[in-house]
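Encoded as structure tokens, the structure appears first; notes follow it.
The values are calculated or read from the model by the stated rules, or taken from the named source; none is laboratory data. Please read these numbers as outputs of a predicted model, since none were measured by experiment. Backbone-built Cβ (ideal geometry, glycine too); neighbour counts: all protein chains shown.
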């Protein structure tokens with residue numbers, strides 16, 4: 001059991017990637033930060049972004065609490081967590097960075113529970129599960145992480161990506177199943193979660209069903225959508241799951257006790 005009293009002199013800064021083209025990208029990050037603030041565990045709870053306001057640099061400059069813990073609200077380790085964020089706190093001996101939220105063990109348990117509930121309520125037959133990550137050619141470790149996660153969920157689960165192979169846009173080649181369940185392993189709604197994923201599946205992201213407006217408040221997937229003789233179900237981006245609040249808190253507290 002982690003002693004949460006150790007955080008009373010600590011500022012928690014939740015770090016999001018952000019977007020210059022979509023202000024909604026901060027929505028999930030801010031929602032979790034607000035919930036954590038309401039619990040009074042930390043001296044301060046702030047949000048800072050790399051590509052939109054409030055900029056992480058400005059947030060760090062305005063924090064007055066003696067200790068600062070940065071929790072990356074990101075799916076995996078990579079260039080940002082290993083290089084960008086350490087450079088942001090260089091010279092600040094009171095600031096530390098935790099592991100990203102997406103590598104926490106509760107992630108796989110949460111996704112397994114979602115799938116179990118789904119299969120208990122829907123006769124999905126030979127359903128296949130597609131776990132969608134961002135992907136990048138610069139960081140194969142992140143792709144390997146997602147593939148490992150997919151393997152723990154189901155024998156039929158596969159990892160697909162927005163920006164590296166196997167690509168989400170080729171999902172029809174990735175599986176022959178008549179029912180396809182799509183789990184976006186994305187932290188924010190953002191352009192990727194609200195538009196890219198539905199569009200790459202062949203859905204209209206402006207329709208209320210597959211849009212973020214239809215997904216963010218529901219633990220149930222949108223669908224089924226009929227696409228070329230297949231039934232497709234689309235879950236909300238992982239970052240909207242309530243358990244992410246607990247993961248953020250645990251990440252921040254565990255580093256206080258190491």
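With respect to residue 96, is the statement that it is at pLDDT below 90 and more than 19 Å from residue 158 (Cβ to Cβ) true?
no
Do we find that residue 252 is in contact with a strand residue (DSSP E or B) (Cβ under 9 Å, 6 or more places away or on another chain), free of Cβ contacts under 8 Å to residues at least 40 places away in the same chain and buried (at least 20 other Cβ atoms within 10 Å of the Cβ) in this structure?
no
Can you confirm whether residue 76 is within 30 Å of residue 177 (Cα to Cα) and outside the structural domain of residue 161 (by TED's automatic domain parsing)?
yes
If residue 245 satisfies every condition in (1) in contact with a strand residue (DSSP E or B) (Cβ under 6 Å, 6 or more places away or on another chain); (2) within 30 Å of residue 67 (Cα to Cα); (3) at pLDDT 90 or above but one, which is the exception?
(1)
Please pick out the residue among 113, 90 that is within 25 Å of residue 158 (Cβ to Cβ) and either in the same structural domain as residue 134 (by TED's automatic domain parsing) or part of a loop (DSSP other than H, G, I, E, B) (or both).
Among 113, 90, only 113 is within 25 Å of residue 158 (Cβ to Cβ) and either in the same structural domain as residue 134 (by TED's automatic domain parsing) or part of a loop (DSSP other than H, G, I, E, B) (or both).
Test of understanding: among 213, 219, 142, which residue is assigned to a helix (DSSP H, G or I), at pLDDT below 85 and closer than 22 Å to residue 248 by Cα?
Result: 142 is the single residue among 213, 219, 142 that is assigned to a helix (DSSP H, G or I), at pLDDT below 85 and closer than 22 Å to residue 248 by Cα.
Looking at the range 116-148 only, could you name the residues that are touching a helix residue (DSSP H, G or I) at 6+ places or on another chain (Cβ under 9 Å) and under 13 Å from residue 179 (Cα atoms)?
Matches in the range 116-148: 124, 127, 128, 129, 130.
If a residue must be farther than 16 Å from residue 253 by Cβ and crowded, with 18+ Cβ neighbours inside 10 Å, how many such residues does the range 51-72 contain?
Residues that pass the stated criteria total 4.
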